[in-house]
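Notes to accompany the following structure.
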């Protein structure tokens with residue numbers, strides 16, 4: 001038993017009355033149970049609690065009240081009897097308000113019994129008044145201890161549940177990702193459908209701890225889309241169950257929330273495949289430039305993702321395709337790269353490129369000839385177009401992709 005505080009400073013009369021009732025506590029237990037079952041059912045609903053268990057709880061509570069009033073133990077802000085009752089009833093699903101109501105009923109029954117005992121022993125009215133004050137002071141102490149223990153236990157349970165959910169999500173995204181039996185069980189515990197198609201969403205978490213997609217779960221839940229979210233050190237991860245919704249509907253809800261870099265994977269068929277979706281979403285996020293808010297889709301950034309997936313090959317491609325240009329002074333380099341990019345974007349039309357660059361067509365052709373000379377190869381042909389386009393794309397990628 002946890003150590004109690006100093007003995008409660010009750011009067012001799014109060015101690016005598018409480019001592020007499022403590023020796024005959026069984027009738028008080030019956031009266032409290034009768035009060036519980038005849039009181040307002042909304043206030044004293046113990047339907048999840050077996051009758052014998054409830055009776056034992058009433059005995060423990062009434063005994064503790066009388067022990068404190070009788071000077072056997074002192075009142076405490078973390079009374080072990082009240083704390084045990086709180087934890088036990090919380091596990092059974094009894095609301096705190098129900099127990100507080102019962103504590104008040106118990107206090108009334110103790111007070112009424114003390115009045116009856118005082119009448120039988122002809123205790124002076126002034127002494128009885130002091131006993132009443134003491135009784136309700138003790139009830140307040142125990143009610144406070146009950147509330148504190150109940151709320152602390154609730155927080156512990158929430159933390160344990162959150163830790164459990166976090167562990168399940170980590171396993172879904174990691175080593176146990178493709179275990180169908182585990183994925184099905186995890187979906188049930190996370191209140192997600194096992195057979196639904198899924199999207200994985202990732203977003204940066206800023207240095208202030210705010211995610212680039214803050215409020216995503218609430219925004220999706222508002223239109224009936226189920227999702228779960230996991231905060232890591234610098235990344236927010238979300239698994240979104242499409243069920244009967246389209247990917248476009250999800251993106252329409254998430255894009256307006258983007259206050260930093262965020263990315264979404266292609267759709268996967270079931271929850272056992274979300275690890276793959278998560279990897280692809282991270283790959284897409286690595287293609288987004290820092291400081292440019294927005295939600296990008298892997299399917300819209302496949303070339304960038306290919307280059308990000310193989311950074312060594314991307315560096316080799318850039319060196320082979322554009323190395324000569326990149327070694328020129330900054331002013332010349334930038335003009336040549338800009339001209340080459342616009343020319344490719346305009347389907348290799350010098351005239352159209354000249355209009356965009358505000359120069360003469362011959363100027364564009366001269367610059368392209370200069371590029372060809374610096375890279376040591378012609379700029380024409382399917383292979384050249386592909387390599388040059390990918391090399392230019394690689395130059396636009398973040399320096400440190402995820």
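Conditions (1) touching a helix residue (DSSP H, G or I) at 6+ places or on another chain (Cβ under 6 Å); (2) more than 24 Å from residue 304 (Cβ to Cβ); (3) loosely packed, with under 14 Cβ neighbours inside 10 Å; (4) modelled with pLDDT of 90 or more, marked per residue:
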position: 348; (1), (2), (3), (4): no, no, yes, yes
position: 362; (1), (2), (3), (4): no, yes, yes, yes
position: 367; (1), (2), (3), (4): yes, yes, no, yes
position: 374; (1), (2), (3), (4): yes, yes, no, yes
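Quick one: how many residues across the range 113-138 are without any contact (Cβ under 8 Å) to a residue 40 or more places away in the chain, within 27 Å of residue 38 (Cα to Cα) and more than 47 Å from the chain's Cα centre (by Cα)?
Total satisfying the criteria: 4.
Across the range 149-175, what is the total count of residues that are in contact with a helix residue (DSSP H, G or I) (Cβ under 6 Å, 6 or more places away or on another chain) and touching a residue at least 40 places away in the same chain (Cβ under 8 Å)?
Final tally of qualifying residues: 5.
Output the number of the condition that residue 101 fails; it satisfies all remaining conditions of (1) farther than 18 Å from residue 19 by Cβ; (2) surrounded by fewer than 22 Cβ atoms within 10 Å (Cβ to Cβ); (3) modelled with pLDDT under 90.
In the conditions (1) farther than 18 Å from residue 19 by Cβ; (2) surrounded by fewer than 22 Cβ atoms within 10 Å (Cβ to Cβ); (3) modelled with pLDDT under 90, residue 101 misses (3) alone.
Out of 178, 244, 278, which single residue is in a loop (DSSP other than H, G, I, E, B) and touching a helix residue (DSSP H, G or I) at 6+ places or on another chain (Cβ under 6 Å)?
Step by step, each of 178, 244, 278 is checked, and only 178 is in a loop (DSSP other than H, G, I, E, B) and touching a helix residue (DSSP H, G or I) at 6+ places or on another chain (Cβ under 6 Å).
Among the residues of the range 283-302, which ones are touching a helix residue (DSSP H, G or I) at 6+ places or on another chain (Cβ under 8 Å) and surrounded by 14 or more Cβ atoms within 10 Å (Cβ to Cβ)?
283, 284, 286, 287, 294, 295, 296, 297, 298, 301, listed by residue number.
In a helix (DSSP H, G or I), within 19 Å of the chain's Cα centre (by Cα), over 30 Å from residue 37 (Cβ atoms) and assigned by TED's automatic domain parsing to the domain that holds residue 44: which single residue out of 155, 172, 168 fits that description?
Of the residues listed, the single one that is in a helix (DSSP H, G or I), within 19 Å of the chain's Cα centre (by Cα), over 30 Å from residue 37 (Cβ atoms) and assigned by TED's automatic domain parsing to the domain that holds residue 44 is 155.
Among the residues of the range 85-94, is any over 22 Å from residue 148 (Cα atoms), buried (at least 17 other Cβ atoms within 10 Å of the Cβ) and in contact (Cβ under 8 Å) with a residue 60 or more places away in the chain?
No - not one qualifying residue is present in the range 85-94.
Can you name every residue in the range 200-221 that is outside any strand (DSSP E or B) and touching a residue at least 12 places away in the same chain (Cβ under 8 Å)?
Just the residues of the range 200-221 that are outside any strand (DSSP E or B), to begin with: 206-210, 212-221.
Selection gives 206, 210, 212, 213, 214, 215, 216, 217, 219, 220.
The values are calculated or read from the model by the stated rules, or taken from the named source; none is laboratory data. Everything numeric here is computed off the predicted structure, so don't read it as measured data. Every residue, glycine as well, gets a Cβ built from its backbone with ideal geometry; the counts of neighbours run over all protein chains shown.
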